[in-house]
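S.K.: Got a structure here, written out as structure tokens. Questions coming.
The values are calculated or read from the model by the stated rules, or taken from the named source; none is laboratory data. Because the structure is predicted, anything quoted here is derived from the model rather than measured. Positions of Cβ are generated from backbone atoms using ideal geometry, with glycine treated the same way; all protein chains shown enter the neighbour counts. Note: accessible area is taken over every heavy atom of the protein model, side chains too, but ligands, DNA and RNA are not part of it. Shrake-Rupley method; radii C 1.70, N 1.55, O 1.52, S 1.80 Å.
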Amino acid sequence: MQGFVLLGRHVRLEPLEHSHTGGLAAAAAVDPSLYRWTPVPQGEAEAARYIQTALDWQEAGTAVPFAIIRLADGRVVGSTRFFNLERWLWPEGHPSHGRGVPDAGEIGYTWLTRSATRTAANTEAKLLMLTHAFEVWQALRVCFHTDMRNERSRAALERIGAKFEGILRAHRIAPDHTARDSVRVSIVAAEWPAVKQRLIDRLDRA
């Protein structure tokens, strides 16, 4: 799947490339203690591998990774991606048959450097990505998974209207190399207008 740019007032999400290696490494190095629950590369070698993995997933058609660029200074301040993209096998004759874009997917691998936390960056990135998913792709569901121990992330997702679906036990490897339990929340198409308004309201207050 080809990458694309999503432009907001505060951040630009641009296709993740190897040219972002230095910027990602610098952004992650500011305060590694922020990333207790999220896999974030430390150093340029790890950043290069991180980017290559994301690009391999993109080549396979299952992900669209982004670098998050702060418009105020043009600096890389983090990364995020669509991944686990699903294309359902709609039968011939169905209006959705052969539509060629994802029907559902996940947003994750989201992290920000210290100076971009508690700013408009994360809210606007979510707004840009969810708008693309529901209004361009016409997706039916977007989900998020977070480490069950990460209560702040779960609360933030539920505040914007994502619905708790359950806990997946021993779901993924955590940064501390344990098998983490993941909280799963999701937004479906019918809920998107209300979620969008919540995000816009939060952004206006940022």
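S.K.: Can you tally the net charge around F164? Count Lys and Arg as +1, Asp and Glu as -1, for every other residue whose Cβ sits under 10 Å from the Cβ of F164.
M.R.: Taking every Cβ under 10 Å from that of F164, the sum is +1.
S.K.: Hey, if you drop one equal point scatterer on each alpha-carbon of the chain and run the Debye formula without solvent, what base-10 log of I(q)/I(0) do you get at q = 0.12 Å⁻¹?
M.R.: Values returned for q = 0.12 Å⁻¹ are -0.61.
S.K.: Calculate the spin-label point distance for L34 paired with E17, positioning each point 7 Å from the Cα along the beta-carbon direction, and give it in nanometres.
M.R.: According to this spin-label approximation, the distance is 2.4 nm.
S.K.: Segment 72-165: which GluC sites (Glu not before Pro) are DSSP loop and have at most 13 other beta-carbon atoms within 10 angstrom?
M.R.: Passing sites in segment 72-165 are E92.
S.K.: Here's something else I'd like to know. Using +1 on the beta carbon of Lys and Arg, -1 on that of Asp and Glu, and nothing else charged, what's the dipole of segment 1-54 about the Cα centre, debye to 20? Walk me through the numbers on the way to the answer.
M.R.: Numbers: 4 positive and 5 negative charges, 38 e Å.
Once rounded to the nearest 20, the dipole reads 180 debye.
S.K.: Taking loop as defined by DSSP and a crowding limit of 13 other beta carbons within 10 Å, which trypsin sites (Lys or Arg not before Pro) in segment 99-206 fit? Intermediate results must be reported in sequence, preceding the final value.
M.R.: On the way: sites: R99, R114, R118, K126, R141, R149, R152, R154, R159, K163, R169, R172, R180, R184, K196, R198, R202, R205; in loops: R99, R118, R149.
Here the sparse-neighbourhood loop sites are R118.
S.K.: What Kirkwood hydrodynamic radius, in Å, does segment 1-90 give when the mean of 1/r is taken over all pairs of distinct Cα atoms and then inverted?
M.R.: After inverting the mean inverse Cα-Cα distance, the result is 13.7 Å.
S.K.: Taking 0.36 nm per residue of sequence separation and subtracting the Cα-Cα distance, how much length would be gained by fully extending the chain between R49 and E151, in nm to one decimal?
M.R.: Working: separation 102, 0.36 × 102 = 36.72 nm, distance 2.88 nm.
Working it through step by step, the gained length comes to 33.8 nm.
S.K.: Right, another one. Please list, ordered by chain and number, the residues whose modelled amide H lies under 5 Å from the amide H of A139; skip anything fewer than 5 residues away on the same chain.
M.R.: Under 5 Å from the amide H of A139 lie the amide H atoms of F134, each far enough along the sequence or on another chain.
S.K.: Heavy atoms of the protein only, probe of 1.4 Å, neighbouring chains included. What is the accessible area of S115 in Å², nearest 10?
M.R.: About 70 Å², rounded to the nearest 10.
S.K.: Output wanted: per-residue J couplings in Hz (rounded whole) for segment 172-180, from phi through Karplus 6.51 cos²θ - 1.76 cosθ + 1.60, θ = phi - 60°, x for Gly and Pro.
M.R.: 8, 6, 8, x, 8, 6, 9, 7, 7
S.K.: Could you tell me the relative contact order of the chain? Use alpha-carbon pairs under 8 Å, at least six residues apart, and round to a whole percent.
M.R.: Working: 368 pairs, mean separation 38.1, N = 206.
Result for the chain is 18 percent.
S.K.: Once the piece of chain linking E191 and D204 is laid out straight, how much longer is it, given 0.36 nm per residue of separation minus the C-alpha distance between them?
M.R.: The span from E191 to D204 would gain 2.6 nm if fully extended.
S.K.: If you place +1 on the Cβ of every Lys and Arg and -1 on the Cβ of every Asp and Glu, how big does the dipole about the Cα centre of the chain come out, in debye to the nearest 20?
M.R.: On the way: 26 positive and 23 negative charges, 130 e Å.
Computed charge dipole of the chain: roughly 620 debye.
S.K.: Next up: Take V5, V64 and sort them by solvent-accessible surface of the protein heavy atoms, 1.4 Å probe, largest at the top.
M.R.: Values: V5 85, V64 0 Å².
Per-residue accessible area, sorted high to low, gives V5, V64.
S.K.: Find which of P95, A67, N150 sits farthest along the positive direction of the dipole of the chain, computed with +1 on the beta-carbon of Lys and Arg, -1 on that of Asp and Glu, about the Cα centre.
M.R.: In the chain, that residue is N150.
S.K.: Additional query: Please state the relative contact order of segment 1-103 as a whole percent: Cα pairs under 8 Å, 6+ residues apart?
M.R.: Answer for segment 1-103 is 28 percent.
S.K.: Note down the magnitude of the dipole of segment 124-173 about its Cα centre, charges +1 on Lys and Arg C-beta and -1 on Asp and Glu C-beta and zero elsewhere, to the nearest 20 debye.
M.R.: On the way: 9 positive and 6 negative charges, 45 e Å.
Roughly 220 debye, rounded to the nearest 20.
S.K.: Further question on the same structure: Cα gyration tensor of segment 45-136, axes a ≥ b ≥ c as square roots of the eigenvalues: rounded (a/c below 1.5), prolate (a/b > b/c) or oblate?
M.R.: oblate
S.K.: So who's got an amide H within less than 5 Å of the one on D181, skipping anything under 5 residues away but keeping other chains? H placed 1.01 Å off N, in plane.
M.R.: The list, which skips near neighbours in sequence, is M148, A170, H171.
S.K.: What is the calculated FRET efficiency for R114 to E165, with r their C-beta to C-beta distance and R₀ = 41 Å, to the nearest 0.05?
M.R.: So, using R0 = 41 Å, E works out to roughly 0.85.
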